[in-house]
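Quick note: the coordinates plus some simple rules give every number you see, no bench work behind them. Keep in mind it's a predicted model, so treat the numbers as computed, not measured. Reconstructed Cβ throughout: ideal geometry from the backbone, glycine too, with neighbour counts over all protein chains shown.
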Amino acid sequence: MQTCVDFRKDFPMIREGQIYFDTAASAQKPQVVIDALCDFYSNHYGTVNRGVYKLARNATELFHGARGKIQRFINAAHPEEIIFTRGTTASLNLLARSYAKAFLRTGDAIIISEIEHHSNIVPWQMICEESGAVLRIVPVNDAGELIFEELLAQLDEKVKLVSIAHMSNVLGTLHPVQEIIDAAHKVGAHVCLDGAQAIAHLPVDVEALGVDFYAFSGHKLYGPNGVGILYGKRELLEKMPPQEGGGDMIEQVTLRESTYNTLPSKFEAGTPMIAEVIALGAAIDYLQEIGMDTIATWEQELLAYATKKLGQIEGVKIIGTAPKKGAIISFVVDGIHPLDLATLLDCRGISIRTGHHCSQPALERFGETSVARISFGIYNTFEEIDQFISSLQSILNFLA
C-alpha cells in the first residue's frame, strides 16, 4: 500500500532541506489544487448563477459541482446545506448572527469550552451582549480533556447551543463530540462543531454524528485561502435569516422591501469565490483518492513518534496530553522564549509556530502566555521529526 510519504512529490513547496511543521495554521497545496486555480482563470473564467453564455454556464456547473463534492465529503444530506463563506471565522460569525436572530432570547444560554479558538469565543460574546443570552464555559482537566461531568451539569432547558472545537488548535485534544451531541440533543440544544482542525485529518460524517452545524476552512484542507464552509441542517438554515444583502440572495427586490432566495443562495450574497471553491473541490478529490483513514493513521504515527522524542528532552514540557489527540504538539522549554526558539529553528530550515495561537484562554488555563507548536500534514515524515529533534537538542545545548 502506498504511504503518505509517497505524496511529498505532489507539493511543490515541500522541498529538500525545508521542514514545514505548521499545517495546523495552513496546509501546503498539492499541485492539483494550484493547477485547478490556474486552469479556471486561464481557460474557464466566467461568473456564476447569472449569465446564459457558455463561459458562465460552464463556471456555474463547476462551482456547484464542487458544492456536491463537499456535500459528499462530509456526508451532508443535501447540497443546499453547504454554505460557502470566507473561512471558519466567517462561518462561525455568520452562524452566531443568524442563529441569534432565529433562536436566542434573553436568558438563554450558549456553551463553549475554555480551550476554544478566539473565533469560537468572540462571536458568542458579542451575540450574548446583544441578545441578553448567557455564555457558559466548560473547563478542561490538566491533560486538556473536557470535563464531561461539568458539561452535563451546565446542560439544561435554557441552553440553546453548544459550540465546541472538534479538535483543539493549540492542544490537539479531540473532544468526545458524539457524546456531546447526544447529551445536548437530550435537552433540546443544538450543536456546532468548529471543524477547522479536524476536517483535514480524520473522516467527518455529519449525518452519522447528527451534528447541527459544522464549520471549516479550505486552506487547512489543502485547498486555497479565502473559502470556507458552514454546514447546517436544512430545517435549521431555513429558519435562519440572511446576514448580508445583495445579489443572488434575493427573490424579489422593490424600493420598499425584499424577499429572499432559497438555500443556499440566501446566505451567499454577491459574486462568490468561484475559483477558490472549484480548487477546494480539487483538494477534496485529491484527499479522497488517498483516503481519510489512511491520512489519519499516518498522522497518528507521526504524533506518537514526535511525542515520545520530545518527552525524552530535558526541560521540554508538552502542553496538552489528552490520550485522544490530533497531530498537534504544543510545548515550552525551560528558560527559552518560544519566539527565540522558533527563530533559531527557522535558521535551520524548520518552520514551527509560536505565540498564543488565537487561543489565549486555553494558554491561561495552563499558566502560559506563549507556546511553541508543531503540527503535521500528509507530507511530513519520521526523518523530518528526527531532524527537528536533533536541531532542538543542538539549540538547547548551545543556549545552556
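Quick look at the values:
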read-out: Per-residue [θ]222 nm for the chain (sum of -39500 (n - 2.57) over DSSP H runs n ≥ 4, rounded to 500); value: -11500 deg cm²/dmol
read-out: Acute angle (nearest 10 degrees) that the helix 54-74 long axis makes with the longest principal axis of the chain, alpha-carbon atoms; value: 60
read-out: Degrees separating the helix 292-311 axis from the principal Cα axis of the chain, which is the longest one; value: 30
read-out: Separation between Cα centres of the stretch 239-311 and the stretch 61-118, rounded to whole Å; value: 9
read-out: Separation of alpha-carbon centers, the stretch 377-400 and the stretch 191-217, rounded to whole Å; value: 32
read-out: Global geometry of the chain, whether rounded, prolate or oblate, following the gyration tensor of its Cα atoms and the 1.5 cut on a/c; value: oblate
read-out: Rounded Å value of the spacing that divides the Cα centres of the stretch 334-359 and the stretch 18-33; value: 18
read-out: Given K158/K324; K69/K325; K186/K309; K69/K317; K233/K324; K9/K54, the pairs whose alpha carbons are separated by over 32 Å; value: K186/K309; K69/K317; K9/K54
read-out: Which of H78, H185, H166 has the fewest Cβ neighbours within 10 Å, and the rest in rising order; value: H78, H185, H166
read-out: Rounded to 10°, Cα long-axis angle of helix 177-186 versus longest principal axis of the chain; value: 40
read-out: Residue exposure sequence - R256, R105 - by fewest surrounding Cβ within 10 Å; value: R256, R105
read-out: Residue exposure sequence - V134, V211 - by fewest surrounding Cβ within 10 Å; value: V134, V211
read-out: The stretch 224-275 - convex hull of the alpha-carbon atoms, volume per residue in Å³; value: 86
